[in-house]
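Q: The structure follows.
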Amino acid sequence: MVLRMARPWKHPKSGVYYLRVRVPSDLVSLLGQAVEKQSLRTKDVGEARVRFSRAMADLAERWTNLRQGLVRPTYEQMNAYSADFFDTYCKEIEGGRWSPFWDDALGAVVSQFIESPDDPGAGREFNRLCGQEITDYFGMRGIRIHPEIKGAVDLRIAKAIGEALPIRAARVLDNDYAAGSAEAKYRNSSAAKPALNLEAAFEAYAQTVGLSAATQKRWLPALRTLTAHSGINDLSRITETHVADWIEWLRSEGKAQRTIKDVYLASAKALFRYYVGERKLTANPIEAFNVRVPKRRTLRGPGLTDQEVQLVLNGTLQTPPLKLAPCHIDARRWVPWLALYTGARVNELTQLRKEDVSMIDGIWSLTITPEAGSVKNYKVRVVPLHDHLIEQGFVEFAQRCQRSTLFFTARGKSTGAALTPYKKMGENLAAWIRELGVTDPTVAPNHGFRHRFKTVARRVGMSPEIRDFIQGHAPRTEGELYGEFPVPVLKTAIDLIPAWADTSIDPKPQNAGPS
């Protein structure tokens, strides 16, 4: 199962778009539901995407707040809450929601509560008129106020409402929209409200863009070091000075320049850039920073040499250890050969399912699809099998295999985990290839086959457009995005790759069979 990108859901009957996402397991009992569903109140897909992104950010913040349990708001936070109520009551007249009779009655109740907060009768009357609104306000944000401090919060909100009532009356009756001292006070209070909590912001971002579990596991701890080092968990308050200090601190902790650039800065730039685009941040303080990575001395190419390929292919024919699991035996036997003749990424091969080996247009082929797991460009592609693979019995192996997946056994593990079984299998293969003798640290044991395929494809004159498609590389021009690649055309290109010739290789060596 692949992590799917969260997106608006269109109601099949009304055509209205909704936010529908699964509630985290640790919050299901608290919320009393397994799925969160909210109407986005639009039938326009473009507007739905904008509203969905905002709703996801609010929802993620709500979940973060719920996980904090009962809270005792600080003075700043209580000011922020009361500022929201002040703004709400001042702006109600914009929608025609104003009645002088209601304001007189409400004003009297609020004044009585402010003057005698310990009077049970005054408290009950205030809660009768405003209690549900206050409860809804905190409920929508997932904030659970500790009972011991609820009275103080209510009193602060009551004062804000009391100051808002005469202002909105003056705007309606006297047409007086001049900002007064009360508005200035609450405007300053609003500025103290946390705009973007890191955890909530990242959760919403990851859901919306479909960030993989592995990337989330790598990026979130890196981002936490920024907020921990700066002492600020509100992304809107992070400045370039904080970022500069953070980078220097990472260096002092011994982080490599490449790690700082590719993990720490990359994650921060992506997150801040997203929220600038969503108009939740005014600027990206990370954008101006770049970490220079020293160039590595390159003494050889990244592809495997003939000698290294021979080492690995000979290893595929070795008698496996007695206790090696059948899926490991099959992966060692077939994945290097598949990599040699397809140039695919190792995880695209280790995730193959039995159904992904099939006859298409009369040609035995692999279907590399994001339905099976990780595909970098999220697009399905068909790669015909080289005749040498068929001669060795790969198709027979796939047909006999009793697992639904060819090279790993899930055994109940979620493929949404940070390290999926097929990725773990790829790591195991890389370690095994190192043991066989491919020890040069400048060459990736699995990826070396991918580089080699490109070299051989150039050598035999394969069309650049076709070789890029076969390997799942991005098209170089807009024009290459047009049209399809018929399987017979791809088969002709694959046949240009010469069969690996070595007398030590039996055309149909043994494998683990149907296990």
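Q: Scanning for something modelled with pLDDT of 90 or more and over 36 Å from the mean Cα position of the chain (by Cα), does the stretch 288-305 turn up at least one residue?
A: Yes.
Q: Continuing with the same structure: Can you confirm whether the stretch 383-394 contains a residue that is of a type in the set (Phe, Trp, Tyr), open to solvent by 30 Å² or more (accessible area, probe 1.4 Å) and touching a residue at least 12 places away in the same chain (Cβ under 8 Å)? Let's see the steps before the verdict.
A: Within the stretch 383-394, the subset of a type in the set (Phe, Trp, Tyr) is 394.
Filter once more, keeping what is open to solvent by 30 Å² or more (accessible area, probe 1.4 Å): none.
The answer is no; no qualifying residue exists.
Q: Ok, one more. Within the stretch 352-377, which residues are among the basic types (Lys, Arg), open to solvent by 60 Å² or more (accessible area, probe 1.4 Å) and within 19 Å of CYS401 (Cα to Cα)? Outline the logic, then answer.
A: Filtering the stretch 352-377 down to residues among the basic types (Lys, Arg) leaves 353-354, 376.
If we keep only those that are open to solvent by 60 Å² or more (accessible area, probe 1.4 Å) too, we end up with 354, 376.
Listed by number, the list holds a single entry, LYS354.
Q: I'd like to know if the stretch 25-41 contains one or more residues that are in contact (Cβ under 8 Å) with a residue 40 or more places away in the chain and either exposed (fewer than 15 other Cβ atoms within 10 Å of the Cβ) or in a strand (DSSP E or B) (or both).
A: Step one: list which residues in the stretch 25-41 are in contact (Cβ under 8 Å) with a residue 40 or more places away in the chain, which gives 26-27.
Within this subset, residues satisfying the condition of being either exposed (fewer than 15 other Cβ atoms within 10 Å of the Cβ) or in a strand (DSSP E or B) (or both) are 26.
Yes: one or more hits.
Q: How many of the residues making up the stretch 465-478 are of a type outside the set (Phe, Trp, Tyr) and open to solvent by 50 Å² or more (accessible area, probe 1.4 Å)?
A: Here is the first cut: in the stretch 465-478, the residues of a type outside the set (Phe, Trp, Tyr) are 465-468, 470-478.
Adding the requirement that they be open to solvent by 50 Å² or more (accessible area, probe 1.4 Å) leaves 465, 473-478.
Of the residues in the stretch 465-478, 7 are of a type outside the set (Phe, Trp, Tyr) and open to solvent by 50 Å² or more (accessible area, probe 1.4 Å).
Q: Now a separate question. Sort out which residues of the stretch 479-488 are among the charged types (D, E, K, R) and open to solvent by 70 Å² or more (accessible area, probe 1.4 Å), and write them in order of number. Even if it seems obvious, please write down each step before you answer.
A: Here is the first cut: in the stretch 479-488, the ones among the charged types (D, E, K, R) are 480, 484.
Hit for the stretch 479-488 is GLU484, nothing else.
Q: Looking at the structure I just gave you, is ASP103 surrounded by 12 or more Cβ atoms within 10 Å (Cβ to Cβ), touching a residue at least 12 places away in the same chain (Cβ under 8 Å) and not in a loop (DSSP other than H, G, I, E, B)? Let's see the steps before the verdict.
A: On the way: surrounded by 12 or more Cβ atoms within 10 Å (Cβ to Cβ): yes; touching a residue at least 12 places away in the same chain (Cβ under 8 Å): yes; not in a loop (DSSP other than H, G, I, E, B): yes.
It is true that ASP103 is surrounded by 12 or more Cβ atoms within 10 Å (Cβ to Cβ), touching a residue at least 12 places away in the same chain (Cβ under 8 Å) and not in a loop (DSSP other than H, G, I, E, B).
Q: Being open to solvent by less than 50 Å² (accessible area, probe 1.4 Å) and either in a helix (DSSP H, G or I) or in contact with a Ser or Thr (Cβ under 9 Å, 6 or more places away or on another chain) (or both) is the filter here; which residues of the stretch 106-123 pass it?
A: Let us first name the residues in the stretch 106-123 that are open to solvent by less than 50 Å² (accessible area, probe 1.4 Å), namely 106-107, 109-110, 113, 116, 121-123.
Passing the criteria: LEU106, GLY107, VAL109, VAL110, PHE113, GLY121, ALA122, GLY123.
Q: Would you confirm whether or not the stretch 251-269 contains a residue that is open to solvent by less than 40 Å² (accessible area, probe 1.4 Å), among the β-branched types (Val, Ile, Thr) and under 22 Å from the mean Cα position of the chain (by Cα)?
A: Yes, the conditions are met somewhere in the stretch 251-269.
Q: State which residue pairs qualify: first residue farther than 16 Å from ALA200 by Cβ and inside the stretch 131-145, second residue modelled with pLDDT of 90 or more and among the charged types (D, E, K, R) in any location, beta carbons under 7 Å apart, and separation of 6 or more residues or different chains.
A: Between residues of the stretch 131-145 that are farther than 16 Å from ALA200 by Cβ and residues that are modelled with pLDDT of 90 or more and among the charged types (D, E, K, R), the close pairs are ILE134/ASP154.
Q: Could you name every one of the helices (runs of 4 or more DSSP H) located completely within the stretch 327-407 that has at least 1 residues being over 20 Å from THR420 (Cβ atoms)?
A: In the stretch 327-407, 387-392, 394-400 are the helices (runs of 4 or more DSSP H) which contain 1 or more residues that are over 20 Å from THR420 (Cβ atoms).
Listed here are the residues, each with its yes/no results for (1) surrounded by fewer than 20 Cβ atoms within 10 Å (Cβ to Cβ); (2) within 23 Å of ALA288 (Cβ to Cβ).
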site	(1), (2)
GLN207	no, no
LYS217	yes, no
PRO221	yes, no
GLY231	yes, yes
LEU235	no, yes
THR241	yes, yes
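Q: Could I ask something else about it? Going through the stretch 181-212 one residue at a time, which ones are among the basic types (Lys, Arg) and either at pLDDT below 65 or under 30 Å from LEU19 (Cα atoms) (or both)? Even if it seems obvious, please write down each step before you answer.
A: Residues of the stretch 181-212 that are among the basic types (Lys, Arg), as a first pass: 185, 187, 193.
Matches in the stretch 181-212: ARG187, LYS193.
Q: Let me ask you something else. Looking for whichever is under 30 Å from ALA410 (Cβ atoms) and touching a helix residue (DSSP H, G or I) at 6+ places or on another chain (Cβ under 9 Å) here; the options are GLU61, GLU36. Which one fits?
A: Details: GLU61 fails: under 30 Å from ALA410 (Cβ atoms).
Answer to the selection: GLU36.
Q: To continue, here is another question. For the stretch 431-459, give me each residue that is part of a loop (DSSP other than H, G, I, E, B) and surrounded by 13 or more Cβ atoms within 10 Å (Cβ to Cβ).
A: Within the stretch 431-459, GLY437, VAL438, ASP440, VAL443, ALA444, PRO445, ASN446 meet the criteria.
The values are calculated or read from the model by the stated rules, or taken from the named source; none is laboratory data. This one's a predicted model, so the numbers in the text were calculated from it and none came from an experiment. FYI the Cβ positions are ideal-geometry reconstructions off the backbone, even for glycines, and counts take in every protein chain you see. SASA here: full protein model, heavy atoms, side chains in, ligands and nucleic acids out. Shrake-Rupley method; radii C 1.70, N 1.55, O 1.52, S 1.80 Å.
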